[in-house]
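None of the figures in this text is laboratory data; all of them are computed from the coordinates on show. Remember, it's a predicted structure, so these values are computed and weren't measured experimentally. Cβ atoms come from the backbone with ideal geometry, glycine included; neighbour counts cover every protein chain shown.
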Amino acid sequence: MQFEQIKAHLMQLDSAAISDAMDSLYISAGLAGIVPRNAGTKIAGPAFTVRYEPIIPEQGNFLNAGNYIDEVPTGSIIVVDNQGRIDCTSWGNILTFKAIQKGIAGSIIYGSVRDLSEVRRLAYPLFSTGIYMVSGKNRTQIAATQCTLNIGGVEVSPEDWVFADDNGALVIPKQHLLTVIERAGNVDKTEQAIIEAITNGEDLVTAREKLGYAVPWKPVL
Amino acid sequence: MQFEQIKAHLMQLDSAAISDAMDSLYISAGLAGIVPRNAGTKIAGPAFTVRYEPIIPEQGNFLNAGNYIDEVPTGSIIVVDNQGRIDCTSWGNILTFKAIQKGIAGSIIYGSVRDLSEVRRLAYPLFSTGIYMVSGKNRTQIAATQCTLNIGGVEVSPEDWVFADDNGALVIPKQHLLTVIERAGNVDKTEQAIIEAITNGEDLVTAREKLGYAVPWKPVL
Amino acid sequence: MQFEQIKAHLMQLDSAAISDAMDSLYISAGLAGIVPRNAGTKIAGPAFTVRYEPIIPEQGNFLNAGNYIDEVPTGSIIVVDNQGRIDCTSWGNILTFKAIQKGIAGSIIYGSVRDLSEVRRLAYPLFSTGIYMVSGKNRTQIAATQCTLNIGGVEVSPEDWVFADDNGALVIPKQHLLTVIERAGNVDKTEQAIIEAITNGEDLVTAREKLGYAVPWKPVL
């Protein structure tokens with residue numbers, strides 16, 4: 001499947017259905033603690049990964065901020081591991097501006113972000129664990145880009161896809177993309193069939209058993 | 001007092017006044033960490049309680065989701081104890097749909113919930129400690145329904161009433177309902193009298209002392 | 001500089017630029033965990049500080065609430081240290097009403113607040129770490145007013161200025177006000193110049209180096 005097709009399929013799904021499909025593969029996919037900073041945004045795309053690490057610079061030796069955004073391809077989603085830090089940020093207004101200019105789909109920051117007013121005004125799809133106003137400069141630095149991250153026990157590698165909506169963010173390993181798209185589509189159909197059944201007056205327990213809610217990623221019977 | 005009368009009285013109050021009335025009885029009532037998922041909703045009703053417990057199923061043995069909603073009476077509020085878990089959910093779109101269909105007043109989940117977009121679109125009164133997208137299936141199961149819950153040291157039993165608004169959620173033990181309604185009404189009147197006094201230029205310290213803010217649940221002097 | 005001039009300067013800035021200016025002085029300024037309760041509000045003003053301390057009163061001995069608001073000057077920002085407590089509140093509707101009446105600019109509560117519905121209806125600039133409905137009465141009492149607070153390692157003294165917006169809250173020690181205003185203004189100009197450069201197609205790494213983003217508080221070259 002081509003990039004645009006994959007993206008189109010995923011954008012018709014939601015994180016709950018994708019998560020159920022990942023459950024069918026016994027793979028943990030959810031990134032804990034990630035919250036949307038613009039409610040109602042939904043993103044899907046291949047991850048561009050960035051790992052930061054803490055630093056304590058000498059006084060007076062002001063370091064340049066880490067730069068990676070010039071290398072991020074259009075359509076990617078930036079995934080930053082800043083260890084969930086709450087004492088400094090690793091996303092702000094300039095990165096938001098450049099990301100929009102480059103057609104980057106959104107950012108998922110395991111850490112804090114700043115410049116919320118502008119992020120909201122520009123409606124940029126930003127997801128993070130925290131909000132603060134203190135710069136990451138001289139507090140954190142880039143350790144690696146396009147490396148494998150481990151966020152709360154869940155790995156994110158370059159070319160894995162990530163997805164985020166109002167429920168949070170999760171990872172789809174690239175080798176499972178087609179399976180997950182198919183199974184998540186089935187989850188949606190199973191849930192839709194259950195909602196139709198209960199609309200017609202069926203008990204939930206009956207509808208769930210009859211329509212296979214225990215394995216919602218299988219084709220609806 | 002009849003159900004409808006009790007509900008009408010409570011719906012004219014707010015959680016702060018009810019909490020003050022509970023303070024007059026030396027009973028802890030607040031359920032810690034509960035946040036509204038649709039700002040501006042307010043609910044009051046008898047609790048239908050559900051306790052979940054963690055499970056680790058065998059691979060390949062996919063369990064059915066717990067079902068209890070078919071037994072919940074109209075007008076009830078579902079109170080779920082899922083131990084405040086952040087790694088899986090115990091509320092989502094199908095339950096929301098069924099709850100609205102059955103005239104359930106709302107849900108208070110000590111744990112995480114999913115399908116936020118639909119919950120918001122349907123304006124269902126949902127309160128929880130967390131948001132996530134991972135299913136509870138095969139991670140948590142129903143241990144008991146209509147049992148006594150202990151949520152952070154506060155007990156909730158069937159037929160106790162629960163109340164929730166933008167400040168959070170709290171419990172009114174059934175044997176104290178009438179006392180609490182009366183005293184919370186007095187709290188409101190005391191606060192209104194203080195606001196009137198300060199509108200007329202009185203110092204807050206004077207207004208509070210004169211109008212008995214230390215015991216606001218007593219009839220206004 | 002006069003009060004009105006200082007305030008006018010600060011109100012044209014944001015917490016991120018002020019934080020960067022504080023970084024140039026090697027002073028920690030951010031108050032951890034403070035969240036706006038009315039999104040989009042921004043406040044700047046001298047701190048009126050209040051420190052609460054936990055109490056366990058005897059049963060039946062209901063204490064008066066602490067009162068300090070009658071002494072707070074117009075234009076001040078109330079900063080309350082209630083130790084970030086989540087089990088009781090130290091701000092609510094009556095204080096909100098009186099604060100608006102007195103022309104107090106806003107409140108920053110290191111602890112929980114209640115009466116969110118009214119705070120929102122009145123659009124009062126309130127910032128806090130938590131939300132709950134349980135009164136502080138008989139749980140916390142005023143230990144001191146106009147004292148030096150230590151909030152997560154950051155000191156706030158009377159006459160220090162505080163600033164808060166959607167990113168959170170921070171402190172500007174009074175002796176550094178003029179320096180911070182000047183340098184934060186430079187930060188804004190540096191960031192604006194970088195945004196212009198990337199709008200004109202420059203790479204971010206080039207724009208940041210050329211325009212001195214490592215020391216954004218220096219006059220733009």
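What the table below lists for this structure:
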{"quantity": "Cα-based radius of gyration of the range C:97-221 once divided by 2.2 N^0.38 Å, which approximates compact folds", "calculated": "1.44"}
{"quantity": "Dipole magnitude of the protein assembly as shown about its Cα centre (Cβ charges: Lys, Arg +1; Asp, Glu -1), debye to nearest 20", "calculated": "340"}
{"quantity": "Electrostatic dipole magnitude of the range A:28-172 [Cβ: Lys, Arg +1; Asp, Glu -1; Cα centre; debye, to 20]", "calculated": "420"}
{"quantity": "Aspartates and glutamates whose Cα lies under 13 Å from that of B:Lys137, excluding same-chain neighbours fewer than 8 positions away", "calculated": "A:Asp20, A:Asp23, B:Glu53, B:Glu58, B:Asp87"}
{"quantity": "Signed unit charges on C-beta, dipole axis of the range C:91-210, positive-most listed residue C:Val205, C:Ala99, C:Ala169", "calculated": "C:Ala99"}
{"quantity": "Inter-centroid distance (Cα atoms) of the range C:195-211 relative to the range A:168-214, Å", "calculated": "47"}
{"quantity": "Relative exposure of C:Asp203, C:Asp166, judged by other C-beta atoms within 10 Å (fewest first)", "calculated": "C:Asp203, C:Asp166"}
{"quantity": "C:Cys88, A:Cys147 arranged by Cβ crowding within 10 Å, fewest neighbours leading", "calculated": "A:Cys147, C:Cys88"}
{"quantity": "Chain C: most fluctuating residue of C:Phe97, C:Phe163, C:Phe62 per GNM, C-alpha cutoff 10 Å", "calculated": "C:Phe62"}
{"quantity": "Most mobile of A:Ser15, A:Ser28, A:Ser157 in a GNM of chain A (Cα contacts under 10 Å)", "calculated": "A:Ser28"}
{"quantity": "Contact order normalised by residue count of the range C:145-194, Cα under 8 Å, 6+ apart, percent", "calculated": "21"}
{"quantity": "Entries of A:Lys102/A:Lys189; B:Lys7/C:Lys98; A:Lys174/C:Lys210; B:Lys7/B:Lys189; C:Lys102/C:Lys174; A:Lys42/A:Lys189 with Cα pairs more than 28 Å apart", "calculated": "A:Lys102/A:Lys189; B:Lys7/C:Lys98; A:Lys174/C:Lys210"}
{"quantity": "DSSP-loop GluC sites (Glu not before Pro) across the range B:1-94, with at most 12 other Cβ within 10 angstrom", "calculated": "B:Glu58"}
{"quantity": "Within a Gaussian network of chain C (alpha carbon springs, distance under 10 Å), most fluctuating of C:Asp160, C:Asp14, C:Asp70", "calculated": "C:Asp70"}
{"quantity": "Kyte-Doolittle at least 1.6, axis length at least 18 Å by Cα - qualifying DSSP helices, chain C", "calculated": "none"}
{"quantity": "Amide hydrogen neighbours beyond the local backbone of C:Phe48, cut-off 5 Å, H modeled", "calculated": "C:Ile77, C:Ile78, C:Val79"}
{"quantity": "Which of C:Ile100, A:Ile6 has the fewest Cβ neighbours within 10 Å, and the rest in rising order", "calculated": "C:Ile100, A:Ile6"}
{"quantity": "Unit charges at the beta carbon, dipole of the range B:28-172: most positive-side option, B:Gly40, B:Gly153, B:Gly111", "calculated": "B:Gly40"}
{"quantity": "Within-12-Å neighbourhood charge of A:Glu202 [Cβ basis; K, R +1; D, E -1]", "calculated": "-1"}
{"quantity": "Nm distances between copies for C:Ala144, ranked from closest, using label points 7 Å along Cα→Cβ", "calculated": "5.0, 5.0"}
{"quantity": "Per-selection metrics, chain C (Cα): Rg and Dmax in Å", "calculated": "19.3, 71"}
{"quantity": "Net charge, A:Asn186 excluded, C-beta distance under 12 Å - Lys, Arg +1, Asp, Glu -1", "calculated": "-1"}
{"quantity": "Efficiency of FRET from Cβ geometry, C:Glu196 and B:Thr199, R₀ 56 Å, rounded to 0.05", "calculated": "0.65"}
{"quantity": "Phi-based couplings in Hz for the range B:26-33 (Karplus 6.51, -1.76, 1.60; Gly and Pro marked x)", "calculated": "6, 10, 6, 10, x, 9, 5, x"}
{"quantity": "Relative contact order [Cα under 8 Å, 6+ residues apart], chain C, whole percent", "calculated": "28"}
{"quantity": "Nonlocal amide H pairs with B:Gln141, under 5 Å, H built at 1.01 Å", "calculated": "B:Glu53, B:Ile55"}
